[in-house]
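*Asks:* Let me give you the structure first, and then I'll get to my questions.
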Amino acid sequence: MLDFFTIFSKGGLVLWCFQGVSDSCTGPVNALIRSVLLQERGGNNSFTHEALTLKYKLDNQFELVFVVGFQKILTLTYVDKLIDDVHRLFRDKYRTEIQQQSALSLLNGTFDFQNDFLRLLREAEESSKIRAPTTMKKFEDSEKAKKPVRSMIETRGEKTKEKAKNNKKKGAKKEGSDGPLATSKTAPAEKSGLPVGPENGELSKEELIRRKREEFIQKHGKGLDKSSKSTKSDIPKEKGKKAPRVWELGGCANKEVLDYSAPTTNGTPEAALSEDINLIRGTGPGGQLQDLDCSSSDDEGATQNTKPSATKGTLGGMFGMLKGLVGSKSLSREDMESVLDKMRDHLIAKNVAADIAVQLCESVANKLEGKVMGTFSTVTSTVKQALQESLVQILQPQRRVDMLRDIMDAQRRQRPYVVTFCGVNGVGKSTNLAKISFWLLENGFSVLIAACDTFRAGAVEQLRTHTRRLTALHPPEKHGGRTMVQLFEKGYGKDAAGIAMEAIAFARNQGFDVVLVDTAGRMQDNAPLMTALAKLITVNTPDLVLFVGEALVGNEAVDQLVKFNRALADHSMAQTPRLIDGIVLTKFDTIDDKVGAAISMTYITSKPIVFVGTGQTYCDLRSLNAKAVVAALMKA
């Protein structure tokens with residue numbers, strides 16, 4: 001049983017609607033438009049919203065959308081056939097009204113399609129009932145039963161004959177190989193010139209032992225002499241040990257200098273370091289995030305060199321091979337197949353996950369199928385432009401994270417703004433937490449860093465070093481005696497959720513604006529650690545949960561994000577579990593133009609990339625520029 005079936009234009013005008021139940025179809029259809037159609041995620045023709053499954057079909061020639069909705073617990077096999085039949089009949093019946101392409105004509109037009117739809121629905125339901133259930137084949141119906149016994153005996157005889165032939169060949173080979181072996185066995189006795197026993201023609205036991213001993217000494221005597229010499233030469237070295245060399249610029253290696261684990265009390269500011277502040281800070285404005293620039297000097301030189309030869313062809317790389325003029329006809333799957341294959345391979349080579357590359361190409365095909373092209377348009381240029389628009393739309397998701405605005409809103413409510421960082425091991429959570437701390441300090445906000453990574457050795461010391469450096473860059477003297485950055489830590493082996501709760505309470509009492517919670521790195525398959533992370537997020541309810549991921553990964557990015565979200569949902573005790581709110585993409589300066597991880601992470605989560613890490617200093621933090629990333633991705 002269908003809940004609803006609706007037909008509307010891409011401009012938003014509902015042309016016809018069938019309502020099978022009393023519930024309105026407005027909410028599910030609006031969710032489909034926001035989450036799929038506007039976000040260019042049309043690779044899969046089905047969409048799940050709460051308890052409903054929605055299937056849709058796009059008509060790009062007349063700019064129409066056909067949507068059917070039914071309960072997701074039902075298995076309706078006739079839905080695909082029904083939506084195809086309705087699409088074909090509605091398009092053919094009201095072709096003239098739709099081709100006028102005016103909103104008033106569509107509103108004034110009467111689309112009496114109820115009787116036709118009910119007829120098609122009845123036919124589709126009956127066709128699904130006509131199909132008889134599949135029964136298991138009997139032995140009499142199989143092909144083996146039809147073969148005569150004689151043919152089976154003949155084949156077996158042939159096989160035995162072949163086996164006998166093979167055995168004969170193998171036996172001949174073995175006989176031929178026995179000759180050299182026998183001669184080789186008797187050869188040592190002949191060569192050695194030792195007396196042979198008169199009765200059996202064999203050597204006595206004593207003579208055999210003596211001969212083997214002589215052969216062993218001849219083979220391994222040289223190695224033994226060398227090893228004995230080396231052992232003799234090593235003896236005096238062990239007696240007089242060489243003192244370790246101290247390099248001029250290597251610093252001192254005393255234990256007192258290397259020991260950074262001295263306990264500090266929470267509430268006392270860290271002492272400033274005597275280091276070069278410019279090397280720590282980096283170059284560039286710290287309070288303003290610059291847009292990410294994916295172009296390099298090599299790319300600029302290449303574009304300058306290719307300007308004179310622009311007449312040879314404007315579409316290079318994977319798009320320069322196919323340039324078929326369309327000439328005012330509608331595009332079909334066959335026209336786009338070769339271009340989409342090259343496009344998919346190009347996206348995978350740029351580090352886009354394989355499944356997502358397939359879905360992107362399928363979305364572009366659904367978007368362009370049936371669309372009428374201009375006279376001087378090419379299939380390649382049309383597909384390329386559609387893909388660029390889809391990628392830009394994907395990198396600009398529904399919700400935009402503005403941390404500065406949210407922090408000022410939390411200040412008005414007199415509470416700290418809490419950000420939790422999570423991710424797998426070694427992606428740079430602590431380093432990018434320090435970069436974000438510096439960015440917040442440059443904008444005038446005080447920061448409390450909560451050291452909730454109580455598992456990794458050196459995690460607390462790393463944050464303590466960052467705190468000292470940030471204090472050196474923003475000393476209390478510049479802010480009227482106010483401590484701008486401080487570390488809250490309770491050592492190792494403690495409960496991370498409890499430390500985060502105490503840090504938030506401490507920040508509220510001391511008047512800190514932002515609390516940045518650093519968590520331990522964990523693999524997405526580690527159930528106990530994922531349970532602990534879900535507990536930390538559920539208990540403390542942070543304002544923002546950021547997933548820190550590398551730009552170097554390909555298919556692994558999809559697996560990490562999907563399993564992190566699934567684990568947070570499964571292990572959460574709340575009815576509406578808290579999932580990942582945004583992404584921090586690190587090590588972006590190491591990938592050149594292979595920027596596919598940004599597409600993979602955003603596509604799979606529909607969450608924005610809030611920050612991009614591009615270096616080792618505190619100023620190496622950027623905001624994502626969607627057009628620059630897409631340009632680097634499409635570059636041949």
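*Asks:* Pairs of alpha-carbon atoms within less than 8 angstrom and 6+ residues apart define the contacts here; what relative contact order does region 546-623 have, in percent?
*Replies:* 36
*Asks:* Also, quick follow-up: Relative contact order for region 330-395: what is it in percent, counting Cα pairs under 8 Å that are at least 6 residues apart?
*Replies:* Averaging sequence separation for qualifying contacts and normalising by length gives 46 percent for region 330-395.
*Asks:* So if we plug the beta-carbon distance of residue 541 and residue 128 into 1/(1 + (r/R0)^6) with R0 = 51 Å, what FRET efficiency do we get, rounded to 0.05?
*Replies:* About 0.60, to the nearest 0.05.
*Asks:* Also, I was wondering about something else. Starting at the first residue of region 23-29, write each ³J(HN,Hα) from the Karplus equation 6.51 cos²θ - 1.76 cosθ + 1.60 with θ = phi - 60°, in whole Hz, x for Gly and Pro.
*Replies:* My calculation for region 23-29 gives 5, 6, 9, 5, x, x, 5 Hz in order.
*Asks:* Further question on the same structure: Roll a 1.4 Å probe over the protein chains and send me the accessible area per residue for region 330-395 in Å².
*Replies:* That works out to 40 Å² per residue.
*Asks:* Using modelled backbone amide H atoms (1.01 Å from N, in-plane), which distant-in-sequence or interchain residues come within less than 5 Å of residue 550's amide H?
*Replies:* Excluding prolines and chain starts, which carry no amide H, the hits are 586.
*Asks:* In nm, to one decimal, how far is the residue 34 label point from the residue 559 one, both placed 7 Å along Cα→Cβ?
*Replies:* It is 3.3 nm.
*Asks:* Out of the trypsin sites (Lys or Arg not before Pro) in region 378-449, which ones are loop residues according to DSSP with at most 14 other C-beta atoms within 10 Å?
*Replies:* The qualifying sites are 399, 400, 413.
*Asks:* Still on this model: Please report the spacing between the Cα centers of region 53-81 and region 440-510 in Å, no decimals.
*Replies:* 53
*Asks:* Roughly how big is region 403-625's charge dipole about its Cα centre, with Cβ charges of +1 (Lys, Arg) and -1 (Asp, Glu), in debye to the nearest 20?
*Replies:* Once rounded to the nearest 20, the dipole reads 500 debye.
*Asks:* Output ³J(HN,Hα) for region 77-92: one whole-Hz value per residue in order, computed from phi by the Karplus curve 6.51 cos²θ - 1.76 cosθ + 1.60 with θ = phi - 60°, and x for Gly and Pro.
*Replies:* In residue order, the calculated couplings are 7, 9, 5, 4, 5, 5, 5, 5, 5, 5, 4, 5, 5, 5, 5, 6 Hz.
*Asks:* Residues with amide H under 5 Å of residue 417's amide H, sequence separation 5 or more or different chain, H placed in the peptide plane at 1.01 Å from N; which?
*Replies:* 514, 515
*Asks:* With r defined as the distance between the Cβ atoms of residue 589 and residue 385 and R0 fixed at 35 Å, what FRET efficiency is calculated, to the nearest 0.05?
*Replies:* 0.75
*Asks:* From the residues 370, 336, 351, which one has its Cα farthest along the dipole of region 328-370 in the positive direction, the dipole being from +1 and -1 charges on Cβ of Lys/Arg and Asp/Glu about the Cα centre?
*Replies:* Ranked along the dipole, the leading option is 351.
*Asks:* Note down the relative contact order for region 4-128 as a percent, whole number, built from C-alpha pairs under 8 angstrom at least six residues apart.
*Replies:* Taking the mean separation of contacting Cα pairs over the length of region 4-128, I get 24 percent.
*Asks:* Output wanted: per-residue J couplings in Hz (rounded whole) for region 434-451, from phi through Karplus 6.51 cos²θ - 1.76 cosθ + 1.60, θ = phi - 60°, x for Gly and Pro.
*Replies:* 5, 5, 5, 4, 4, 4, 5, 5, 5, 8, x, 9, 8, 10, 10, 9, 9, 8
The values are calculated or read from the model by the stated rules, or taken from the named source; none is laboratory data. What you are looking at is a predicted structure, and each value in this text was computed from that prediction instead of being measured. Methodologically, a virtual Cβ is constructed for each residue, glycine included, from the backbone with ideal geometry; neighbour enumeration extends over all protein chains shown. Accessible surface is based on the protein model in full, side chains and every heavy atom, while ligands, DNA and RNA are left aside. Shrake-Rupley method; radii C 1.70, N 1.55, O 1.52, S 1.80 Å.
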